[in-house]
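Beneath this line is the structure, given in structure tokens, with notes to follow.
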Amino acid sequence: MGLPEQGWTWTSEAGDSLLASAEAAGVTLPSSCRNGTCRACLCRLLSGQVRYRIEWPGLSAEEKAEGWILPCVAEALGDCTLAVPAASRAAFD
Ligand code: FES
């Protein structure tokens, strides 16, 4: 997984949401409800594919077609890159 704008990458474990896998790597993405309804985590998928763990994530068909995703309920299908300008990362060094 990665945020090319920031130059950060991490590995996602199977079954983890993109939000959870980012957090496990020390990368904080905006979030609130964590169940796909509030849209606080809404961001663009730049590359890769995701599947949703809920049937009706709070996205319109048009938004999905434009590449918007909800990472709190999206799981990566292979490598993905995201655009999240508001992401932050804990300092490791
Ligand atoms: S945190 Fe609410 S929709 Fe993702």
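So for each of 57-69, 12-24 I average, over its residues, the number of other beta carbons within 10 Å; can you give me the resulting order with the highest mean first?
Result, highest mean first: 12-24, 57-69.
Determine the calculated [θ] at 222 nm for the chain from helices alone, applying -39500 (n - 2.57) to every DSSP H run no shorter than 4 residues and normalising by the residue count; nearest 500 deg cm²/dmol.
Helix-only estimate at 222 nm: -3000 deg cm²/dmol.
Karplus couplings for the stretch 55-72 from phi (6.51 cos²θ - 1.76 cosθ + 1.60, θ = phi - 60°), rounded to Hz, Gly and Pro as x?
Karplus-based 3J(HN,Hα) across the stretch 55-72 equals 6, 10, x, x, 10, 7, 4, 5, 5, 4, 5, 7, x, 7, 9, 10, x, 5 Hz.
With no solvent and one point per C-alpha, what does the Debye sum give as log10 I(q)/I(0) for the stretch 2-84 at q = 0.14, 0.22 Å⁻¹?
-0.39, -1.03
Quick check on packing: order 84-90, 40-46 by the mean number of other C-beta atoms within 10 Å, highest mean leading.
40-46, 84-90
Using modelled amide H (1.01 Å from N, peptide plane; none on Pro or chain starts), what sits under 5 Å from the amide H of T28, excluding residues fewer than 5 places away?
Result for T28 returns S88, R89, A90.
Could you grab the relative contact order for the chain? Cα pairs under 8 Å, six or more apart, rounded to a whole percent.
The value is 38 percent.
Among A40, A65, G78, flag the residue with its Cα farthest along the positive direction of the charge dipole of the stretch 2-84, charges on Cβ as +1 for Lys/Arg and -1 for Asp/Glu.
A40
Going by amide H atoms built from the backbone, whose H comes under 5 Å of the H on C43, apart from near neighbours?
I69
Coordinate-derived values only; no laboratory data. Every value quoted in this text rests on a predicted model; they were computed, and no experiment measured them. As a convention, Cβ positions derive from the backbone with ideal geometry for all residues, glycine included, and neighbour counts pool all protein chains shown.
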